[in-house]
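The values are calculated or read from the model by the stated rules, or taken from the named source; none is laboratory data. Remember, it's a predicted structure, so these values are computed and weren't measured experimentally. Cβ: placed from backbone, ideal geometry, glycine included. Neighbour counts: every protein chain shown.
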Amino acid sequence: MSGFDVLTRGDVLDAALQARDYLVSCGVPGALAAKDPRLWGRRAVDHSRLGWLDLPFASRGLLNQVDGLVAEARYSGLDHIVLIGVGAESLAAQAVVEAHAPALAGRGGADGRGGELTVLDGSDTAALAFALERLDRTLVVLASKAGVSLEGDAYRRIFAGAFRERGLSEREIASRFLVVTDHGSPLHDFARQCGYRIGLTDPYLPGHFGALSAYGLVPAVLAGADAERLLDEAASLVPSLAKDEDNPGLLLGAILGGCAQQGPGGVARDKVVLREPGGSGALSAWIAQLLAVGTGKKGRGVLAVEPPGVQASFPDVHGVALNPRSAAQEESDTSVWAPLGAQFLLWEYATAVSGWLLGVNPFEAGSAVVQEAEDDAATLLRTAGTGPLPAEPPVYVEDGIEVHADFPWPPGADLFTVLGGLVGAVPAGGYLSVTTYLSGDFSGRYLAPSFAKAAGRPVVYGPGPAFPHATGPIHKDGPGNGAFLVITGDPAPGDALAAHPVPGRPYGLNKLQVARALAEVRSLRNRGLPVLRLHLRDPVECAGRLIETVRAVAGAGRRP
């Protein structure tokens with residue numbers, strides 16, 4: 001695909017055209033193309049925060065540096081790239097590799113370019129086990145704009161220990177790590193002390209606007225993706241972004257921002273369902289975090305939902321199809337056609353425009369809400385030491401499923417009643433969020449359709465800590481109309497990695513996951529948001545019981 005276009009219709013079109021005319025009358029397209037930070041106030045945004053507009057051209061110099069690293073890695077037999085990153089730093093690279101997967105599969109590693117990418121974001125020990133089986137072919141990329149996350153530290157220690165057990169020297173171990181971070185960040189200093197290879201990025205570039213920077217490109221290129229083509233796709237879009245007419249970025253931003261404001265009926269369509277032809281992938285996840293971080297501020301924001309979380313037509317939801325095969329057969333309100341490189345730049349531009357319409361600074365990282373939960377999790381782990389994590393006893397247990405809540409349930413209440421109460425806590429214009437802190441195949445995807453039917457509201461879901469890390473700002477600083485289910489569990493039978501201690505730390509990956517979940521629950525409750533935690537003593541058997549109970553709640557045919 002070489003072209004790009006945005007088409008919309010119905011009520012969404014009416015709202016978008018009004019918003020676009022307003023944007024043009026205020027000179028937003030020209031000012032944004034000129035990287036004028038005064039769009040967001042005299043001192044709200046620094047000029048350097050708009051550097052993402054230059055990345056289709058500025059990142060070309062990066063490719064020459066990475067090509068040498070790729071050649072060296074392939075010469076050493078390293079064609080399996082492990083990317084350790086949570087949130088924006090990993091989602092863009094995943095999207096690139098997914099888009100280039102057919103070409104990579106055809107090439108393999110024999111020609112010096114092909115490779116594969118495994119992403120570790122703290123959500124699944126199966127991915128870690130897969131990576132450890134390919135240790136002799138593995139190069140580890142640790143990507144973060146700040147310091148080393150709890151998960152990043154754990155995974156780094158695990159890989160360093162595994163390399164050491166293989167007989168590698170400390171110098172050889174250091175050569176197996178590449179750190180992508182900001183110049184002068186705490187991770188920069190740490191990596192330098194460890195002797196790791198380092199790729200530095202612009203510290204002023206917002207991480208959620210960095211898909212075409214080293215964060216998105218370096219891991220993907222190491223895995224064999226064609227980043228030059230990606231930048232060409234993005235560059236082809238640039239001339240249209242300065243126009244008042246025929247500007248797809250402006251129209252998409254007008255759609256998002258225009259719909260998110262209250263319409264004539266008093267309803268804001270501030271939720272968007274993202275649909276991809278082959279099902280939701282990393283591109284949808286990347287867009288969701290971009291919108292969450294870019295617009296989730298000051299009680300406002302645009303929430304992205306995947307199709308399983310929507311079971312009906314809601315007045316506050318509109319659909320966006322990404323590269324649909326046929327506009328005539330597409331049910332979504334809006335269709336967006338563009339190759340991946342242009343999709344990245346298009347959505348970044350649209351997020352900036354929609355943020356301007358909503359009166360928020362889209363370039364603030366939203367790191368406070370993310371960092372506070374991580375800091376709390378670190379405190380919980382430090383306090384626990386080698387003992388159990390501090391936690392209140394469950395208020396109710398049914399068939400191995402513990403119910404943890406900060407209020408007592410009525411006598412005789414069962415799990416059906418508990419979940420019905422959670423569904424009833426979803427605000428009339430809100431949504432339900434399901435976050436799973438578990439290893440294995442179980443996901444909020446299995447619960448979303450039934451919950452959406454039961455609540456009559458959209459359901460978003462994802463694995464922790466990656467999902468709350470990527471979308472935390474919209475939940476905590478956005479409209480504040482979510483209800484939350486957090487699911488934790490004991491290690492699954494036979495999952496040795498989950499229970500095995502992290503080298504040099506008094507905890508294993510499962511304990512780290514639970515600490516992350518407890519900190520997230522506390523963060524949500526501190527904001528007065530309804531949240532329920534379920535702990536599965538046997539994740540395999542209890543997951544099946546939970547699915548059946550949620551289906552029963554949906555089958556009751558009414559919202560409690």
If you check every pair at least six apart or on different chains, which have Cβ atoms under 6 Å apart with a residue in the stretch 201-213 that is touching a residue at least 12 places away in the same chain (Cβ under 8 Å) first and a residue that is among the acidic types (D, E) second?
T201/D182; P203/D182; F209/E348
Please verify whether the stretch 292-301 includes one or more residues that are in contact with a Lys or Arg (Cβ under 9 Å, 6 or more places away or on another chain), outside the structural domain of G87 (by TED's automatic domain parsing), in contact (Cβ under 8 Å) with a residue 12 or more places away in the chain and buried (at least 20 other Cβ atoms within 10 Å of the Cβ).
yes
Hey, which of the helices (runs of 4 or more DSSP H) in the stretch 428-519, taking only ones fully inside, have at least 1 residues that are closer than 24 Å to G400 by Cα, in contact with a helix residue (DSSP H, G or I) (Cβ under 6 Å, 6 or more places away or on another chain) and aliphatic (A, V, I, L, M)?
448-455, 496-499
Only one of A242, A235, A214, A220 is under 30 Å from V180 (Cα atoms) and surrounded by fewer than 23 Cβ atoms within 10 Å (Cβ to Cβ), namely A235
Consider the stretch 135-172. How many of its residues are outside any helix (DSSP H, G or I), farther than 16 Å from T118 by Cα and not hydroxyl-bearing (S, T, Y)?
7
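This table checks each residue for (1) in a helix (DSSP H, G or I); (2) out of contact with any Pro (no Cβ under 9 Å at 6 or more places or on another chain).
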{"site": "Q262", "(1), (2)": "no, yes"}
{"site": "G266", "(1), (2)": "no, yes"}
{"site": "R269", "(1), (2)": "no, no"}
{"site": "G278", "(1), (2)": "no, yes"}
{"site": "W286", "(1), (2)": "yes, yes"}
{"site": "L291", "(1), (2)": "yes, yes"}
{"site": "G294", "(1), (2)": "yes, no"}
{"site": "A304", "(1), (2)": "no, yes"}
{"site": "P315", "(1), (2)": "no, yes"}
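Might you check whether a residue that is closer than 18 Å to T8 by Cβ and either polar (S, T, N, Q) or free of Cβ contacts under 8 Å to residues at least 24 places away in the same chain (or both) occurs anywhere in the stretch 265-278?
Looking for residues that are closer than 18 Å to T8 by Cβ and either polar (S, T, N, Q) or free of Cβ contacts under 8 Å to residues at least 24 places away in the same chain (or both), one finds none in the stretch 265-278, hence no.
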Among the residues of the stretch 443-464 satisfying the criterion of being touching a strand residue (DSSP E or B) at 6+ places or on another chain (Cβ under 8 Å) and among the hydroxyl-bearing types (S, T, Y), which is nearest to Y431 (Cα to Cα)?
Y461
Select from the stretch 485-529 the residues that are surrounded by 17 or more Cβ atoms within 10 Å (Cβ to Cβ), among the small types (G, A, S) and within 19 Å of S149 (Cα to Cα) and list them in ascending order.
A498, G508, A515, A517, A519, S523
Residue ID - nearest to the chain's Cα centre (by Cα), chosen from residues in the stretch 396-427 that are part of a loop (DSSP other than H, G, I, E, B) and free of Cβ contacts under 8 Å to residues at least 40 places away in the same chain:
F407
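Kindly evaluate G456 against the criterion of being at positive phi and either surrounded by fewer than 22 Cβ atoms within 10 Å (Cβ to Cβ) or in the same structural domain as V403 (by TED's automatic domain parsing) (or both).
So G456 passes the test.
Within the stretch 25-38, can one find any residue that is over 18 Å from E348 (Cβ atoms) and touching a residue at least 60 places away in the same chain (Cβ under 8 Å)?
Scanning the stretch 25-38, I find no residue that is over 18 Å from E348 (Cβ atoms) and touching a residue at least 60 places away in the same chain (Cβ under 8 Å), so the answer is no.
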Please determine whether any residue of the stretch 196-207 is in a helix (DSSP H, G or I) and charged (D, E, K, R).
no
